[in-house]
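Colleague: I have a structure here, written as structure tokens, and I will follow up with some questions on it.
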Amino acid sequence: MVEKKEDLDVLDEIMVATILSKAECQLSDPIIEKPYYLYQRSDSTGFISLVEQEYWDYNRFKINFIATVFYTSAGTWELKP
């Protein structure tokens with residue numbers, strides 16, 4: 001039986017994918033299949049970081065954790081399954 005996704009779940013996935021596709025990544029050589037972390041700044045720009053969510057001072061840096069992502073062998077970023 002195929003599970004029907006709720007409209008809000010689909011919308012949430014689309015929004016995260018959009019942030020991920022535009023996210024800034026200053027990592028010179030990301031490691032394939034290593035977890036990285038996607039954040040969004042208060043100005044709505046995104047970035048990928050090695051720093052896990054529990055180590056940020058969210059009030060100081062004005063960011064929000066969005067998702068855990070992985071760098072693939074195809075050279076793309078994907079959400080954690």
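The values are calculated or read from the model by the stated rules, or taken from the named source; none is laboratory data. Note that the coordinates shown come from a computational prediction; the quantities given were computed from them, not determined experimentally. Every residue, glycine among them, receives a Cβ derived from its backbone with ideal geometry; neighbour counts consider all protein chains shown. Only protein heavy atoms, including side chains, enter the accessible area calculation; ligands, DNA and RNA are left aside. Shrake-Rupley method; radii C 1.70, N 1.55, O 1.52, S 1.80 Å.
Colleague: What are the pairs with Cβ atoms under 7 angstrom where one residue, in the range 54-81, is of a type in the set (Asp, Glu) and the other, located anywhere, is in a strand (DSSP E or B) and surrounded by 14 or more Cβ atoms within 10 Å (Cβ to Cβ)? Sequence gap at least six, or different chains.
Modeller: GLU78/VAL69; GLU78/PHE70
Colleague: Follow-up. Taking the range 47-63, which residues are within 15 Å of GLU24 (Cβ to Cβ) and either open to solvent by 70 Å² or more (accessible area, probe 1.4 Å) or part of a helix (DSSP H, G or I) (or both)?
Modeller: Across the range 47-63, the qualifying residues are LEU50, PHE61.
Colleague: Moving on. With respect to LYS4, is the statement that it is on the phi > 0 side of the Ramachandran plot and either open to solvent by 100 Å² or more (accessible area, probe 1.4 Å) or modelled with pLDDT under 85 (or both) true?
Modeller: Taking the combined requirement at face value, the residue does not satisfy it.
Colleague: Determine whether the range 9-17 contains at least one residue that is at pLDDT 85 or above and either in a loop (DSSP other than H, G, I, E, B) or open to solvent by 80 Å² or more (accessible area, probe 1.4 Å) (or both).
Modeller: No, the range 9-17 contains no residue that is at pLDDT 85 or above and either in a loop (DSSP other than H, G, I, E, B) or open to solvent by 80 Å² or more (accessible area, probe 1.4 Å) (or both).
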